[in-house]
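The values are calculated or read from the model by the stated rules, or taken from the named source; none is laboratory data. Everything quoted here is computed from the prediction, not taken from an experiment. A quick note on method: Cβ atoms are made from the backbone with ideal geometry, for glycine too, and the neighbour counts reach across all protein chains shown. Ligands, DNA and RNA are stripped out before the accessible areas are found, and what is left, the full protein with its side chains, is counted by its heavy atoms. Shrake-Rupley method; radii C 1.70, N 1.55, O 1.52, S 1.80 Å.
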Amino acid sequence: MNHRRALRAAVTIAVTGALAAGMTMTLTSTASAGTTLRASAAEKGRYFGAAVATGKLSTSVYATILNREFNSVVAENEMKWDATEPQQGRFSYTGGDRLVSHAQANGMSVRGHALLWHQQQPGWAQGMSGSALRNAAINHVTQVATHFRGKIHSWDVVNEAFADGGSGGRRDSNLQRTGNDWIEAAFRAARAADPGAKLCYNDYNTDGINAKSTGIYNMVRDFKSRGVPIDCVGFQSHLGTSLAGDYQANLQRFADLGVDVQITELDVMTGGNQANIFGAVTRACMNVSRCTGITVWGVRDCDSWRGSDNALLFDCNGNKKAAYTNVLNALNAGPAIPTDPPTDPPTDPPTDPPTTPPPGTGGCSASVSLNSWTGGFVATVKVTAGSAGTNGWNVGVTLASGASVTNTWSATASGSTGTVRFTNVDYNGRLGAGQVTEFGFQGTGSGAGITPTCTAS
Ligand code: XIL
């Protein structure tokens, strides 16, 4: 009894801080507030998603709620390793493809979940180890990301690789035993296969600043400093009856590393605080400009993997719960993502300080940020449109002798040695005056002396 009261008091304190933080926002809520989660999130430049089992799409209550309220979906199980490669080298995309077509027909983006994970591996992979497993895993990443290329907003490239408890280290698994670099190898393979998808690391028990989230934070910081392609971190947020007081601060410290953050599997234990916690999580995301979307892990309470926890936003009859109202209000009250996407913070300066050449006669300018190591480099190139804007652009670089481009994202490369030209892809060629876009490439040899020149069309 005393114990329960103490617990409740602790929960109240934790949630109150977050509630207070959102209070002023509520007052600025406008009359044009959206009336569905998807509309309200979209007004703020974000998505609101749900985990889906495609078998339920034929249930009309389910499909009605999904299509009305959500503009992003993720397969609850159908894009996992056991589902997509049940036998080695034999791929099965039936469920995943069905979800993608449903999303495309209903104006939804798709999160891909998950390329590599220690759970839900097919039996054949569970029994493998060493280089055979490493090769099989990288092949899996390449094949699946290639199949869905261009259709996935964000991929959970690696799921749940860190240990619980105080160590802050990696979890033991067959994948981990192939070598500590398995995660970066997976990210590089995913980037090569689908350069347009945002690549995320996803985990749970990371709902605040703790040993596990700090271990992940250190990995992301290391990846950014070495040019390993990572774009986002997913916070599963399977929550109990309280929310860490530093939930938002934790999201923010990751965002400050120069990655997007996403709430990827939100569900909350039922009880007095459920609605408050759903609201507080939503406000935390809204208050972090690089928090680009929220996904709840299912539609109705009865769809949840958490059984009797009644952990979601709709009851089993499809009625909106109090938690739904809190989430909707928090979306409507929150600030929009700034239209100018935040650039990497000053704590993570590019090796070459970005010069901002005048929007010259070519109508665009380019600057490069280089991460080099012995024998290789990754170049991130920022293209800025001149005063007339661009319909397309082309960036030329001359590589040092012996250097060659091995992989390019968000641009198409002509050639790989000597003078290489990078042309925009279809979604990033058209820029307004002063607008900025980025592409990148990876190379072997030395990246020394790369000076990009930009031509606009
Ligand atoms: C769960 C699904 O919801 C269940 O249907 C399945 O039986 C097990 O996996 N973290 C994750 C998700 O990343 O993939 C898990 O999904 C829930 C925990």
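Considering only residues that are surrounded by 23 or more Cβ atoms within 10 Å (Cβ to Cβ) and either farther than 22 Å from residue 118 by Cα or out of contact with any Asp or Glu (no Cβ under 8 Å at 6 or more places or on another chain) (or both), which ones fall in the stretch 193-212?
If the condition is that a residue be surrounded by 23 or more Cβ atoms within 10 Å (Cβ to Cβ) and either farther than 22 Å from residue 118 by Cα or out of contact with any Asp or Glu (no Cβ under 8 Å at 6 or more places or on another chain) (or both), then 194, 197, 206, 207 are the ones that fit.
Taking the condition within 16 Å of the ligand (Cβ to nearest atom), surrounded by fewer than 22 Cβ atoms within 10 Å (Cβ to Cβ) and over 17 Å from the mean Cα position of the chain (by Cα), does residue 173 pass?
Criteria met by residue 173.
I need every pair where a residue in the stretch 264-282 that is on the phi > 0 side of the Ramachandran plot has its Cβ under 7 Å from the Cβ of a residue that is modelled with pLDDT of 95 or more and open to solvent by 10 Å² or more (accessible area, probe 1.4 Å), sequence separation at least 6 or different chains.
Here the result reads 271/241, each pair linking the stretch 264-282 to a residue that is modelled with pLDDT of 95 or more and open to solvent by 10 Å² or more (accessible area, probe 1.4 Å).
Scan the stretch 147-161 and give yes if some residue there is more than 22 Å from residue 76 (Cβ to Cβ), more than 15 Å from the ligand (Cβ to nearest atom), over 24 Å from the mean Cα position of the chain (by Cα) and open to solvent by 20 Å² or more (accessible area, probe 1.4 Å), otherwise no.
No, there is no match, as no residue in the stretch 147-161 is more than 22 Å from residue 76 (Cβ to Cβ), more than 15 Å from the ligand (Cβ to nearest atom), over 24 Å from the mean Cα position of the chain (by Cα) and open to solvent by 20 Å² or more (accessible area, probe 1.4 Å).
Mind listing whichever residues of the stretch 277-297 are farther than 14 Å from residue 41 by Cα and in contact with an Asp or Glu (Cβ under 7 Å, 6 or more places away or on another chain)?
Matches in the stretch 277-297: 297 only.
Looking at the structure I just gave you, is residue 164 assigned to a loop (DSSP other than H, G, I, E, B), of a type outside the set (S, T, N, Q), crowded, with 19+ Cβ neighbours inside 10 Å and within 16 Å of the ligand (Cβ to nearest atom)?
no
Can you list the helices (runs of 4 or more DSSP H) found entirely within the stretch 74-145 that contain at least 2 residues being within 16 Å of the ligand (Cβ to nearest atom) and open to solvent by less than 40 Å² (accessible area, probe 1.4 Å)?
Of the helices (runs of 4 or more DSSP H) lying wholly inside the stretch 74-145, those with at least 2 residues that are within 16 Å of the ligand (Cβ to nearest atom) and open to solvent by less than 40 Å² (accessible area, probe 1.4 Å) span 81-84, 94-105.
Show the residue pairs meeting these rules: Cβ distance below 9 Å; 6+ apart or different chains; first residue within the stretch 38-61 and modelled with pLDDT of 95 or more and open to solvent by less than 10 Å² (accessible area, probe 1.4 Å); second residue more than 16 Å from the ligand (Cβ to nearest atom) and of a type in the set (Asp, Glu).
48/69; 50/69
Could you go through the stretch 442-456 and let me know if any residue there is under 24 Å from residue 149 (Cα atoms), in contact with a strand residue (DSSP E or B) (Cβ under 9 Å, 6 or more places away or on another chain) and not in a strand (DSSP E or B).
The answer is no; no qualifying residue exists.
Output the qualifying pairs, or none if there are none: Cβ atoms under 7 angstrom, residues six or more apart or on different chains, first residue in the stretch 200-216 and farther than 16 Å from residue 240 by Cβ, second residue open to solvent by 40 Å² or more (accessible area, probe 1.4 Å) and among the aliphatic types (A, V, I, L, M).
209/249
In the stretch 273-314, which residues are of a type in the set (Gly, Ala, Ser) and either within 14 Å of the ligand (Cβ to nearest atom) or open to solvent by 30 Å² or more (accessible area, probe 1.4 Å) (or both)?
289, 298, 304, 307, 308, 311
Provide a single number: the residues in the stretch 95-124 that are more than 30 Å from residue 48 (Cα to Cα) and either touching a residue at least 60 places away in the same chain (Cβ under 8 Å) or in contact with a helix residue (DSSP H, G or I) (Cβ under 6 Å, 6 or more places away or on another chain) (or both). Even if it seems obvious, please write down each step before you answer.
So in the stretch 95-124, the residues more than 30 Å from residue 48 (Cα to Cα) come out as 122-124.
Cutting the leftovers down to either touching a residue at least 60 places away in the same chain (Cβ under 8 Å) or in contact with a helix residue (DSSP H, G or I) (Cβ under 6 Å, 6 or more places away or on another chain) (or both) gives us 122.
The number of residues fulfilling the criteria is 1.
Can you say whether residue 260 is away from the ligand (no atom under 16 Å from the Cβ), of a type in the set (D, E, K, R) and modelled with pLDDT of 95 or more, as far as the supplied structure shows?
yes
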